[in-house]
Structure formats: structure tokens, C-alpha cells
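Trainee: Below: one structure in C-alpha cells.
The values are calculated or read from the model by the stated rules, or taken from the named source; none is laboratory data. Computed from a predicted structure; not experimentally measured. Positions of Cβ are generated from backbone atoms using ideal geometry, with glycine treated the same way; all protein chains shown enter the neighbour counts. Remember, those area values only see protein heavy atoms, side chains included, never the ligands or the DNA or RNA. Shrake-Rupley method; radii C 1.70, N 1.55, O 1.52, S 1.80 Å.
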Amino acid sequence: MEEMEIQKLTFFTEGNTFTGSRTKDPATGAMLRYLVRPNAEEARLEAFTWREDLCFERAGEKQEAQFPLSEEGLLQAQAWLKEQYDAV
């Protein structure tokens, strides 16, 4: 599988939040939804995943990880999102 879709670093350094989803098995509804947002005060990216077909605010159990707000951190976030997807 190719990389998880995510925006470039400038998207996040400008204060934007990115959301996405990827369906693994349409027959069973197995999917991963994700949100990546910057925390400028702490110079980090905050990434969240959940498996419910609900928006971030309504989703129950979420997984969370934090990465540096840098190109390297962005690559780490992509790799973490792929790991989360592979675990679905």
C-alpha cells in the first residue's frame, strides 16, 4: 500500500488541521479515520486515529501520538498512520 495521504509541512506550520479516512474492507466497514493538527506553542504535530465512522468530536476511543513539527516529524506521523491502518 502507498503512504497515507497527508499535507506538506507548510500546511501545518500555517496552523491548519488535516483529516482523512481510509477504508480497509468495505464489506465489514473496517476503516481508519485520522486527524493531524499542529501545536505551534509546543512545536509538534498531534495525530489521532479512530475506527468509528464518526467525526473527531463524536468518536469514542482514539489513539494519539505526537511528533516534532518538522519534515522528519511529518514522515514519522505518516509512518505511524500507516501502522495504525495496517492494524485495522
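Trainee: Of all residues being of a type in the set (A, V, I, L, M) and open to solvent by less than 60 Å² (accessible area, probe 1.4 Å) in the range 6-42, which is nearest to residue 67 (Cα to Cα)? Just the residue, please.
Mentor: Among those that are of a type in the set (A, V, I, L, M) and open to solvent by less than 60 Å² (accessible area, probe 1.4 Å), it is 36.
Trainee: If a residue must be over 17 Å from residue 87 (Cβ atoms) and either modelled with pLDDT under 95 or part of a strand (DSSP E or B) (or both), how many such residues does the range 8-34 contain?
Mentor: Here the count works out to 4.
Trainee: I'm told residue 63 meets every condition in (1) out of contact with any strand residue (DSSP E or B) (no Cβ under 6 Å at 6 or more places or on another chain); (2) within 12 Å of residue 84 (Cα to Cα) except one. Can you identify the failing condition by its number?
Mentor: Result: residue 63 fails condition (1) only.
Trainee: Taking the stated definitions as given, is residue 77 of a type in the set (A, V, I, L, M) and not in a helix (DSSP H, G or I)?
Mentor: So residue 77 does not fit the description; no.
Trainee: In the range 43-78, which residue that is surrounded by fewer than 13 Cβ atoms within 10 Å (Cβ to Cβ) and free of Cβ contacts under 8 Å to residues at least 24 places away in the same chain is farthest from residue 19 (Cα to Cα)?
Mentor: Ranking the candidates gives 72 first.
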